[in-house]
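Colleague: For reference, the structure I am asking about is given below.
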């Protein structure tokens, strides 16, 4: 540009540059996420998008709707020839337009500044976008004042027209009005479901949750803490079905069943039938405790055997094996930590020593399916096994875990995690499991002594609302399968894609969509 950019454009360029984005960055290597065509925004906007498409038919203009995560959910083109030109710069359904990936444009920048903006040709940060001009306006829910999405009109730079801005503003306002009407209808349906559940049995606690709605009868108010609401919101994305057991933040166990209604759910609680505790059997056989890093292997071993003589594989030295042989003869319990770190020869020697040991032997290791060779042979000597489930697969326990960590750290009773903060934590992938969660809570305790802990009080890496979406069971299974394939192939994406029976492009898109950090390939 020959003249200095407008201040709003200059600031956007600066944000994009700080994200490490290069103006010459390619725009054809993007990921595509699933689009919910039945979302409240999509339903409210559809009639207006139809009307705008009719008015712009035969022109060189396109209409684009992005949702609250900057993901393109609907695109309409006045001329058929415009579609392939825009697809080449990434304007496809399911693509996320953020400043860190697409730089300055009327969708990404509107999300940053929360007001309407026009971006003309050369004002785009990415070179390949400079051939276009675009107008964007935020769609704000009239009741909650929350940003629900962005409505955009894009055209070739030579076709830009200042009259598009008021045309776009009028359409955005009508979508907002339809959002409000739709919200009222959804809330009425949830309220009706809540009333039906309450009248079935007035003694049972009943809770109804909507996108911006919480209803509870007196029994539910007395039973539930605000931390439990975050767990219920996580459950609401699952398929409704038979009652399941749930441990509340108070430690009390209940049975909960729920019914999906509109964009919410109605939950009904009851006390589970009391069961006689199973007799605790004494186990002296070699035992394996296995799980991902940070999943609590050491803590579980201590809880299982109490006092023990502990050997850590990461401290392996020349006399390590001789000391272990002696301990297996004279000690009552020997715990060997992280056996996957033992040299192959040492793993073979430990395996040979276990059958003759007088002490009870307890091993801890990485997940069994990650072990190979001598390490797999070593753990084969353990008929008793305790598998520690990754934290991402038991998200409903996170509020209770956070509470127990606060107690362990000696935090003030007045320090309390809000439902929003707990939902954000529940949406993380937790590669470091319990150890990582403990570190996050400890950091919060150090920086905030008392009061409510909101999303902005969490470490910055854990504040991202987009990542806080709880995966559905199917999505979680897909992510776990990809992680396992990457581990098995040591990060080789070509081999991982072949192992999964998918293309490399599909694998790359899934890695980006799920936020998977891939191991370094050793091939």
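Colleague: Measure nothing but the geometry: give the 0 to 90° angle between the long axis through the Cα atoms of 433-447 and the longest principal axis through the Cα atoms of the chain, rounded to 10°.
Modeller: Result, in degrees: 70.
Colleague: Going by average Cβ neighbours within 10 Å, how do the peptides 178-187, 330-339 rank, with the highest at the top? Don't skip to the answer; put the middle values down first.
Modeller: Details: 178-187: 16.6, 330-339: 19.6.
Final packing ranking: 330-339, 178-187.
Colleague: Hey, another quick one. How far, in degrees from 0 to 90, does helix 7-18 lean away from the longest principal axis of the Cα atoms of the chain, to the nearest 10?
Modeller: Approximately 30 degrees, to the nearest ten.
Colleague: Okay, next question. Compactness ratio of the stretch 333-388: Cα Rg over 2.2 N^0.38 Å, N = residue count?
Modeller: Rounded to two decimals, the normalised Rg is 1.02.
Colleague: Could you work out the relative contact order of the stretch 287-387? I mean the mean sequence separation of Cα pairs under 8 Å and 6+ apart, divided by the number of residues, in percent.
Modeller: 40
Colleague: Could you compute how fast the stretch 201-270 diffuses translationally, taking Rh as the Kirkwood radius over C-alpha pairs and applying Stokes-Einstein at 37 °C with viscosity 0.692 mPa s? Give it in µm² per second.
Modeller: Roughly 273 µm²/s, to the nearest whole number.
Colleague: Taking the C-alpha atoms of the stretch 473-514, how large are the radius of gyration and the largest Cα-Cα span, Dmax, in Å?
Modeller: When restricted to the Cα atoms of the stretch 473-514, Rg and Dmax are 9.2, 26 Å.
Colleague: Want the number for residue 114 to residue 253: 0.36 nm per residue separation, take away the alpha-carbon distance, what's left?
Modeller: Contour length minus Cα-Cα distance gives 45.7 nm.
Colleague: Could you pull the Rg and Dmax for the stretch 93-220, using just the Cα atoms, both in Å?
Modeller: Final numbers for Rg and Dmax: 20.8, 68 Å.
Colleague: Can you give the FRET efficiency to the nearest 0.05 for residue 57 and residue 226, using r as the Cβ-Cβ distance and R₀ = 56 Å? Write down the numbers at each step before the final one.
Modeller: Working: r = 51 Å, r/R0 = 0.90.
Computed FRET efficiency for residue 57 and residue 226: 0.65.
Colleague: Run the helix sum for the chain: -39,500 (n - 2.57) per DSSP H stretch of 4+ residues, divided by residue count, reported at 222 nm to the nearest 500 deg cm²/dmol. Intermediate results must be reported in sequence, preceding the final value.
Modeller: On the way: 18 runs with 203 residues, N = 523.
Taking each H run of at least 4 residues, the total per residue is -12000 deg cm²/dmol.
Colleague: If you average the sequence gap of Cα pairs under 8 Å that are 6 or more apart and divide by the length of the stretch 78-123, what percent do you get for the contact order?
Modeller: 22
Colleague: Here's another thing I want to ask about it. Take every Cα pair under 8 Å in the chain that's 6+ residues apart, average their separations, divide by the length, and report that relative contact order as a whole percent.
Modeller: 10
Colleague: Share of antiparallel DSSP beta bridges in the chain, in percent to the nearest 5?
Modeller: So the antiparallel bridges in the chain amount to around 70 percent.
Colleague: Right, another one. Convert 4 °C to kelvin, take the viscosity as 1.567 mPa s, use the Kirkwood radius over C-alpha pairs of the stretch 9-156 as Rh, and evaluate the Stokes-Einstein diffusion coefficient in µm²/s, rounded to a whole number.
Modeller: Values: Rh = 15.3 Å.
Here the translational diffusion coefficient equals 85 µm²/s.
Colleague: How far is the Cα center of the stretch 315-381 from the Cα center of the stretch 104-180, in Å?
Modeller: Measuring centre to centre over Cα atoms gives 63 Å.
Colleague: Take the stretch 391-462, compute every pairwise Cα distance, and split them into 10 Å bins from 0; I just need the percent in each bin.
Modeller: The calculated distribution, bin by bin, is 21, 62, 17, 0.
Colleague: I need 320, 430 ordered by Cβ neighbour count within 10 Å, fewest first. Walk me through the numbers before you get to the answer.
Modeller: Details: 320 16, 430 24.
The order, fewest Cβ neighbours first, is 320, 430.
Colleague: Could you quote the convex hull projected area for the stretch 279-363, Cα atoms only and averaged over all directions, in nm²?
Modeller: 5.8
Just so you know, all these numbers are worked out from the coordinates, no wet-lab data involved. Quick caveat, the model's predicted, so the values are computed rather than measured. A quick note on method: Cβ atoms are made from the backbone with ideal geometry, for glycine too, and the neighbour counts reach across all protein chains shown.
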